[in-house]
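> The structure under discussion is supplied below as structure tokens; questions concerning it will follow.
Please treat every number below as a calculation from the coordinates, not as lab data. Small disclaimer: the values here were computed from a predicted structure and weren't measured. No Cβ is skipped: glycine too gets one built from the backbone with ideal geometry, and neighbour counts run over all protein chains shown.
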Amino acid sequence: MSYDNEKLEFGKEHINIVEIDLEYCENDYGIAPCTATGAAGTECFNTFSNCQDLPNFVPEIKTYRFCEGRSPHPIGLQAIPSLTGINISPAKIALSGGLGTRASVSLSFNDHPFSDIGVDKYVSGRSYIASERGSFWTKLRARNPNYQNGAVRVLSGYLINGKYDPANFITRNYVLNSMDVSGGRARIVAKDPLKLASSNKALAPKANTGVIETSLSVGAGHLILLPAGIGAAEYATAGFISLRNEVLAFTRNGTNPDRLDLTRAQKNTVATTHEAGETVQQCLDYSGQTRGKLDFIINDLLTNFAFVDPAFINTNEWAAEIGEFLSGLADGIVTKPFDVFKLLQELSESFPHYLWWNEKTQKIELTALKPPPPLNAPLDMDKNIVAGSFTTKDRPDMRTSTIFVNFGMFDQTKKLNDIHNYRQSYTRVDAHSIATYGSSEVRVVNSRWINDNNKAQAVVLATLYGRRFSDIPREISFDLEAKDSNVWIGQTKAINHFDIADETGSPKDTNFQIMTAKESDNYKYTALEYTYGPLQAGDFAGGNLIYIPNGNNQNMRDIFNGLFPAPDATTEVLFVIDNGVVVGGTTPAGISLDTGSWPAGAVVKLAIEPDGYLLGSGGDEGSDGGLALLLSYDLVLNNSGVIGGGGGGGGFASTSTGRAGGGGGAGFDYGVAGPTVFPPGGFGDVAQNGTLELGGRQGAVFEGGLEPDFYEGGFGGNLAQDGTVGAGQATSFGPRGLAGPAISKAGFTLDDSAIPNSDIRGVIIP
């Protein structure tokens, strides 16, 4: 038999069992390694608070088991029958992000005399009779004042013919929070394991105690830590440290572990002077292909800083969920000890997801905010939902029409709410939602986790939040009988009930996300309507999305590696050059954008928006223009902007006394014009630099005299055009620069069929 079978049986005999784990020393008093020497009857109670040899305290776990009182006592169950009450408050998912509400349990017990047999190893040698002194719970509390965070298990199940069989029980795990003993009763409150990460319970990174030995000048390249030996004890071999508002990279010296060799002014901070005695705090850096993965960060914060048991983490399922819906890499640094709860909250906002404790699986679950699944077979008001249990209410507080995402922090030592500390901001405005409801409801996300190269993640989170909460959702509560109790928190279920109707009044199958689930006589649930608005212009439509920033000489694969885990044959990625963005190269003749190499099977796409530019560098005076796009892998191109090879620079013209400079070629960076030198008594025009699309004007010189000589340099070429040579009465003429190609396929395939006659200026090399 099993719990799932027994719960459906008529006349089933239910019972609750509680187990509490507390720390207990495995040593025997006065026997090595224990060095305590007290007289007989004065021995410790093998707990930390009364240990007489703390350096040799060796903790193990002692389990105290209790059950409900009944006669006869369950066969095969060794438990104290003092449990009088149990009240479970289920976990509640926070669908708007974060850790939600912790599951908790309140347990009540009768107190009673206790012989101490099985608890006090030395009870036979005491000078008193244990059962006549104090009570079970008063003694347990006195001997274990450090009870917090001990494991509590609530076993719920059924006896078969009065016998206890663990197979017929389910186990719920909690963490002990409080113990109150008075008036012959005891009350324990315990919470789910995520309690360890609750606000003000855990900090990351761990606080360091090392300080600077001597003052540190702006140009100093190392520091010495005090006290001696602290370097090896508290600091990694390499990483980042913070000194007030400066972040410094360090490597711990191999010869002197208290010496940190430094690279100053990291993470956009400024090198400053530091005084002797300043605390040297090691930072917590989450970036790169491993440490930037969302599941790595959450796992690290929970297990290494909140000390959650790794057995409670669904590692494989987390990785699968994140890989499908939240694959982008985070990039953040925590410079001072900070509340783990708040860090997890920040992450859930920047990479939309929610964490929750699943009482059935006894795991911490991670679910991405994502589009709703198709409607499944509904829970029906006649067949499934217990009559009279259904209620509904609107949740206008959850509607969001306007989202501001601030990202790309200038200085990560400053507070998150300083809006002037962000390079970029992305705004999504749902005009339909505003028009429908007659008001704008605003949500602001300030992110330390999204760098300024990752606009795509700002778009993703704004899209997901905006679509999920564009309408006012309804919250419902209802009961199900045991036969339907496989419905559980985190699932999405269709509901059919006459209170959820269409415009005609007919019941309408509607998706709801289960937010809470509680086992009782019936199973009790709350759920939130799965509203999801339509896509808007500029919204994230799925897949891997990357916005290429303004800049020169960029490699698409390198950009991808900074934002996502390593690609494979199934990877599909869309790169976007947005409106107003200019991607270019540097002279001489640098490549503006290279696709980079990709695994076979990967699909790489590039979209250029109408006011976006991908330009080769403009040639300086007499120099060639640069290449705009190089294929190192097959590419699908959707070009609504401009792709252009850099214009060649114009040639100069000169005499022994004067010089007319050649104009700079068009492109980005633009071509720089050559100098124009006027001889004594001469005049004219200086040569001009190129612009994005037009070459610069040539220099022109008139040499003085009754019949002045005239000469001029060459024009800088427009996009994809050669520069020209100089002309006139000069004695020397410099060479002109040639236009750069627009695209070099380099033997790879270019699919530009989406816009076959797009604005591509310049040669396409096969």
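> Taking the Cβ-Cβ separation of Thr255 and Glu213 as r and a Förster radius of 22 Å, what is the calculated FRET efficiency to the nearest 0.05?
Values: r = 16 Å, r/R0 = 0.73.
Computed FRET efficiency for Thr255 and Glu213: 0.85.
> Provide, as a two-decimal number, the C-alpha radius of gyration of region 326-410 over 2.2 N^0.38 Å, N being how many residues it has. Walk me through the numbers on the way to the answer.
Numbers: Rg = 18.8 Å, N = 85, 2.2 N^0.38 = 11.9 Å.
Rg over 2.2 N^0.38 Å, computed on Cα atoms: 1.58.
> Looking at this model, which pairs from Lys415/Lys455; Lys370/Lys524; Lys139/Lys191; Lys195/Lys342 are more than 19 angstrom apart at the alpha-carbon?
On the way: Lys415/Lys455 21 Å; Lys370/Lys524 25 Å; Lys139/Lys191 23 Å; Lys195/Lys342 13 Å.
Violating the 19 Å limit, Cα to Cα: Lys415/Lys455; Lys370/Lys524; Lys139/Lys191.
> If you take the Cα atoms of region 450-585, find Rg, then find the Kirkwood Rh from the mean of 1/r over all pairs, what is Rg/Rh?
On the way: Rg = 21.7 Å, Rh = 18.6 Å.
With Rh from the inverse mean 1/r over Cα pairs, Rg/Rh is 1.16.
> For region 3-191, what relative contact order do you get, as a whole percent, if you take Cα pairs closer than 8 Å and at least 6 residues apart?
Working: 360 pairs, mean separation 49.4, N = 189.
It comes to 26 percent, rounded to a whole number.
> With unit charges on the beta carbons (Lys and Arg positive, Asp and Glu negative) and the dipole taken about the Cα centre of the chain, which residue among Phe114, Ala462, Ala628 sits farthest to the positive side?
Phe114
> Roughly how big is region 543-766's charge dipole about its Cα centre, with Cβ charges of +1 (Lys, Arg) and -1 (Asp, Glu), in debye to the nearest 20?
Details: 7 positive and 22 negative charges, 41 e Å.
Approximately 200 debye in magnitude.
> Next question. Rounding to the nearest 20 debye, state how big the charge dipole of the chain is about its Cα centre with +1 on each Lys and Arg Cβ and -1 on each Asp and Glu Cβ. The partial results should precede the final answer.
Numbers: 60 positive and 84 negative charges, 426 e Å.
For this selection, approximately 2040 debye.
> Based on the alpha-carbon set only, what is the convex hull volume of region 397-468 divided per residue, in Å³? Kindly include the intermediate steps, with their values, before the conclusion.
Numbers: hull volume 6.2 nm³, N = 72.
Residue-normalised Cα hull volume stands at 87 Å³.
> For a quick protection proxy, order the peptides 358-367, 121-130 by their average other-Cβ count within 10 Å, most packed first. Don't jump to the answer; show the numbers that get you there.
Values: 358-367: 19.2, 121-130: 13.3.
Peptide ranking by packing, descending: 358-367, 121-130.
> Still on this structure: Can you tally the net charge around Gly737? Count Lys and Arg as +1, Asp and Glu as -1, for every other residue whose Cβ sits under 13 Å from the Cβ of Gly737. Don't skip to the answer; put the middle values down first.
Numbers: positive: Arg736; negative: Asp620, Glu621, Asp624, Asp722.
Summing Lys and Arg as +1 and Asp and Glu as -1 gives -3.
> Long-range amide H contacts for Ser82: which residues qualify at under 5 Å (H placed 1.01 Å from N, peptide plane, sequence gap of 5 or more or a different chain)?
Close amide H contacts, sequence-distant or interchain: Cys67.
> With the crude spin-label approximation of a point 7 Å out along Cα→Cβ, what separation in nm comes out for Lys92 versus Val763?
Those two pseudo-labels are separated by 6.9 nm.
> Please report the orientation-averaged projected area of region 606-683, defined via the convex hull of its C-alpha atoms, in nm². All intermediate terms of the calculation are to be shown ahead of the outcome.
Details: hull surface 25.5 nm².
Convex hull of Cα atoms, orientation-averaged projection: 6.4 nm².
> Only Cα pairs under 8 Å and at least 6 apart count here; give the relative contact order of region 397-468 as a rounded whole percent.
Values: 116 pairs, mean separation 32.7, N = 72.
For region 397-468, the relative contact order is 45 percent.
> Using the alpha carbons of region 196-333, what is the convex hull volume per residue in cubic angstrom, as a whole number? Spell out each step's value before the answer.
Details: hull volume 18.2 nm³, N = 138.
Dividing the Cα hull volume of region 196-333 by its residues yields 132 Å³.
> Using the Kirkwood radius over C-alpha pairs as Rh, can you work out the diffusion coefficient of region 543-766 via Stokes-Einstein at 25 °C, viscosity 0.890 mPa s, in µm² per second? If you can, show how the numbers build up before the last one.
Values: Rh = 17.9 Å.
It diffuses with D of about 137 µm²/s by this estimate.
> Quick one: compute the contact order of the chain, relative version, from alpha carbon pairs under 8 angstrom and 6+ residues apart, as a percent. Mind dumping the intermediate values first?
Working: 2182 pairs, mean separation 57.8, N = 766.
Relative CO of the chain lands at 8 percent.
> While we're on this one: From zero outward in steps of 5 Å, how is the percent of C-alpha pairs of region 3-191 spread across the bins?
1, 7, 14, 16, 17, 15, 12, 9, 5, 3, 1, 0, 0
> Work from the charge dipole of the chain (Cβ charges, +1 for Lys and Arg, -1 for Asp and Glu, about the Cα centre) and give the residue of Ser506, Gly671, Gln52 farthest towards its positive end.
Working it through, the farthest residue towards the positive pole turns out to be Gln52.
> How far is the Cα center of region 536-554 from the Cα center of region 132-152, in Å?
59 Å
> Let me ask something additional. Binning every alpha carbon pair distance of region 288-368 at 5 Å from zero, what are the percents per bin?
3, 14, 28, 28, 19, 6, 2, 0
> Multiply the residue gap between Tyr532 and Arg187 by 0.36 nm, knock off their C-alpha separation, and tell me the result in nm, one decimal place. Could the numbers behind the result be given before it?
Numbers: separation 345, 0.36 × 345 = 124.20 nm, distance 4.41 nm.
Using 0.36 nm per residue and subtracting the Cα-Cα distance, I get 119.8 nm.
> Can you give the FRET efficiency for Ala265 and Thr570, using 1/(1 + (r/R0)^6), R0 = 60 Å, r = Cβ-Cβ distance, to the nearest 0.05? Intermediate results must be reported in sequence, preceding the final value.
Details: r = 41 Å, r/R0 = 0.68.
Once the sixth-power term is evaluated, E becomes 0.90.
> Taking the Cα centre as origin and putting +1 on Lys and Arg beta-carbons and -1 on Asp and Glu beta-carbons, what dipole magnitude results for region 479-629, to the nearest 20 debye?
Working: 7 positive and 21 negative charges, 66 e Å.
It works out to roughly 320 debye.
> From the P(r) of region 171-228, can you give the percent of Cα pairs sitting at distances over 19 Å? Intermediate values should be presented prior to the final figure.
On the way: 1029 of 1653 pairs.
Tail fraction, whole percent: 62.
> Positive end of the charge dipole of region 3-191 (Lys, Arg +1 and Asp, Glu -1 on Cβ, about the Cα centre): tell me which of Ala103, Val18, Gly150 has its Cα farthest that way.
Farthest along the dipole direction, towards plus: Ala103.
> Roughly what percent of Cα-Cα pairs across region 136-277 reach past 23 Å? If you can, show how the numbers build up before the last one.
Values: 6025 of 10011 pairs.
In whole percent, the long-distance tail amounts to 60.
> Obtain the nm distance between the two label points defined at Thr237 and Ala32 by a simple spin-label model: each point lies 7 Å from its Cα along the Cα-to-C-beta direction.
Inter-label distance under the simple model: 3.7 nm.
> Same structure, new question: Over region 198-262, what number does the Rg to Rh ratio reach, with both radii from the alpha-carbon atoms and Rh per Kirkwood? Before the final figure, lay out the partial values.
Numbers: Rg = 12.7 Å, Rh = 12.7 Å.
That ratio is 1.00, to two decimals.
> Please work out how much length the chain gains when fully extended from Phe710 to Thr504, using 0.36 nm per residue of separation minus the C-alpha to C-alpha distance, in nm with one decimal. Write out the running numbers ahead of the final one.
On the way: separation 206, 0.36 × 206 = 74.16 nm, distance 8.66 nm.
Contour length minus Cα-Cα distance gives 65.5 nm.
> What translational D, rounded to a whole number of µm²/s, comes out for the chain from Stokes-Einstein when the hydrodynamic radius is the Kirkwood one over Cα pairs, at 37 °C and 0.692 mPa s? Intermediate values should be presented prior to the final figure.
Values: Rh = 31.9 Å.
So the translational diffusion coefficient is about 103 µm²/s.
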